[in-house]
Amino acid sequence: TACLRFFNVFGPRQDPASAYAAAVPIFIDKAFRNEPIAIYGDGEQTRDFVFVKDIAAANAFLAMNPELSGVYNVGHGQQISINELANLIIKIADSTSTVQHHPVRAGDVKHSRASADKLFNTGFKPGYDFESGLRETLAYFQNKQKA
């Protein structure tokens with residue numbers, strides 16, 4: 001039996017208004033509205049973002065290889081700062097949004113990165129790098145706004 005531990009998953013259909021909304025859909029929503037993007041702390045905290053289609057692919061890969069068992073971290077093993085995330089979204093969206101830093105929130109994790117070598121050693125490789133997944137996500141939200 002394989003168990004998958006997902007890191008910061010993002011992609012189309014995330015609801016920026018949800019009580020559980022993550023940074024990516026919130027930042028995209030703000031960027032398309034040309035509203036300020038709030039970052040708590042200095043923005044140098046990092047996350048290992050993984051595109052939802054890579055999550056689906058990892059699940060399918062492990063399901064099709066029943067001889068593989070154990071716990072697998074599903075991420076890229078790369079850290080992206082929250083400042084980098086916000087600035088890239090602003091750039092791709094061609095937005096006039098600005099970043100506004102607010103006091104750090106108690107309990108916020110400073111750095112998170114998947115140790116995904118065990119998964120990669122099975123032969124699985126993510127199909128999307130961070131920017132290509134982000135571009136596809138932004139395109140989804142842009143098309144949704146036009147509809």
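Every number here is computed from the coordinates shown, using simple stated rules; none is lab data. A quick note: this is a predicted structure, and the numbers were derived from the prediction, not measured. We place every Cβ from the backbone using ideal geometry, glycine too, and count neighbours over all the protein chains shown.
Computed from the C-beta positions of LYS91 and ALA21, the FRET efficiency with R₀ = 22 Å rounds to 0.55. Net length available on complete extension from GLN142 to ALA63 is 25.1 nm, with 0.36 nm assigned per residue and the Cα-Cα distance removed. For segment 88-99, backbone phi angles converted through the Karplus equation (6.51, -1.76, 1.60; θ = phi - 60°) give residue-by-residue couplings of 5, 4, 4, 5, 5, 7, 6, 9, 9, 4, 10, 9 Hz, Gly and Pro being listed as x. Around the amide H of VAL9, modelled in the peptide plane, lie the amide H atoms of VAL50, all under 5 Å away and 5 or more residues distant in sequence or on another chain. For the chain, the longest principal axis of the Cα atoms and the long axis of helix 52-63 meet at an angle of about 10 degrees.
Among ASP54, ASP129, a tally of other beta-carbon atoms within 10 Å of each Cβ gives an order, fewest to most, of ASP129, ASP54.
Under 5 Å from the amide H of ASN73 lie the amide H atoms of ARG5, LEU119, each residue being 5 or more positions distant or on a separate chain, with H modelled from the backbone and absent for Pro and chain starts.
Each of LYS53, LYS146 has some number of other Cβ atoms within 10 Å of its Cβ, and from fewest to most they run LYS146, LYS53. A cut-off of 5 Å between modelled amide H atoms, ignoring neighbours fewer than 5 places along the same chain, links ALA2 with GLY70. Cross-link pairs exceeding 31 Å in C-alpha to C-alpha distance, out of LYS110/LYS144; LYS53/LYS110; LYS53/LYS146; LYS125/LYS146; LYS91/LYS146; LYS30/LYS118, comprise LYS110/LYS144; LYS125/LYS146; LYS30/LYS118. Between 0 and 90 degrees, rounded to the nearest ten: what's the tilt of helix 23-32 against the longest Cα principal axis of the chain? Tilt of helix 23-32: around 40 degrees. Here the translational diffusion coefficient of the chain follows from Stokes-Einstein with Rh set to the Kirkwood radius across Cα pairs; for 37 °C and 0.692 mPa s it amounts to 203 µm²/s.
From helices alone, the chain scores -11000 deg cm²/dmol at 222 nm; the rule is -39500 (n - 2.57) for each run of n ≥ 4 DSSP H residues, then divide by the residue total. Along the axis of the charge dipole computed for segment 2-141 (Cβ charges of +1 for Lys and Arg, -1 for Asp and Glu, origin at the Cα centre), the listed residues LEU68, VAL104, ALA116 are led at the positive end by LEU68.
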